[in-house]
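First the structure, in the form of structure tokens, and then the observations on it.
The values are calculated or read from the model by the stated rules, or taken from the named source; none is laboratory data. These figures come from a predicted structure and were not determined experimentally. Reconstructed Cβ throughout: ideal geometry from the backbone, glycine too, with neighbour counts over all protein chains shown. Quick note on the areas: whole protein, heavy atoms, side chains included, nothing else; ligands and nucleic acids left out. Shrake-Rupley method; radii C 1.70, N 1.55, O 1.52, S 1.80 Å.
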Amino acid sequence: ALLRAALGGGQAPRAVAFACRVVAPKVAQLHRAGLVFRDLYWNHLFAMDLDAADITFLDVERVFRPWWRRHRWIVKDLAGLLSSAPPNVSRTMELRFLRAYLGPGWRGDIRRLARDVVRKAARIRAHVPRYG
């Protein structure tokens with residue numbers, strides 16, 4: 001709700017800065033610890049305001065440590081965030097978040113990760129709710 005209100009209220013630069021400064025490093029820290037959230041959406045994160053220095057994860061019983069196919073679960077977490085972002089989030093904002101998530105020391109194929117995340121986000125958005 002905080003992100004949606006900020007983006008709708010003309011505070012997009014502050015919202016993106018908050019997501020890159022606080023959320024992306026926290027999600028990266030979770031993944032570096034070998035944990036994934038399973039279905040990470042923006043409504044699973046809580047912060048008092050855009051000046052907060054930290055976030056709280058909600059619904060944490062979803063967190064687990066995958067023993068195999070770790071890339072798949074990381075992509076699913078990042079795609080969940082991407083698919084649950086308000087519709088007025090631009091591609092530039094998404095890429096800034098991904099760059100902040102990766103950090104300066106990331107060693108890997110950024111194009112593959114970005115492609116996988118965008119594809120998975122499109123599949124998540126296309127889901128039809130089971131129970132209306």
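Here is how the numbers come out for the structure above:
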quantity	calculated
Qualifying residue in region 66-85 (condition: modelled with pLDDT of 90 or more and in a loop (DSSP other than H, G, I, E, B))	yes
Residue identified as basic (Lys, Arg) and within 21 Å of Arg96 (Cβ to Cβ) among Arg14, Arg65	Arg14
Matching residues, region 40-95, being under 10 Å from the mean Cα position of the chain (by Cα), over 18 Å from Val16 (Cα atoms) and open to solvent by 30 Å² or more (accessible area, probe 1.4 Å)	Lys76
Unmet criterion (only one of (1) closer than 24 Å to Leu2 by Cα; (2) assigned to a loop (DSSP other than H, G, I, E, B); (3) β-branched (Val, Ile, Thr)) for Ile124	(2)
Unique residue being free of Cβ contacts under 8 Å to residues at least 24 places away in the same chain and not in a strand (DSSP E or B) when the list is Gly108, Gly34	Gly108
Leu40 assigned to a loop (DSSP other than H, G, I, E, B), of a type outside the set (D, E, K, R) and in contact with a helix residue (DSSP H, G or I) (Cβ under 6 Å, 6 or more places away or on another chain)	yes
Residues (assigned to a loop (DSSP other than H, G, I, E, B) and within 14 Å of Leu2 (Cα to Cα)) located in region 55-65	Ile55
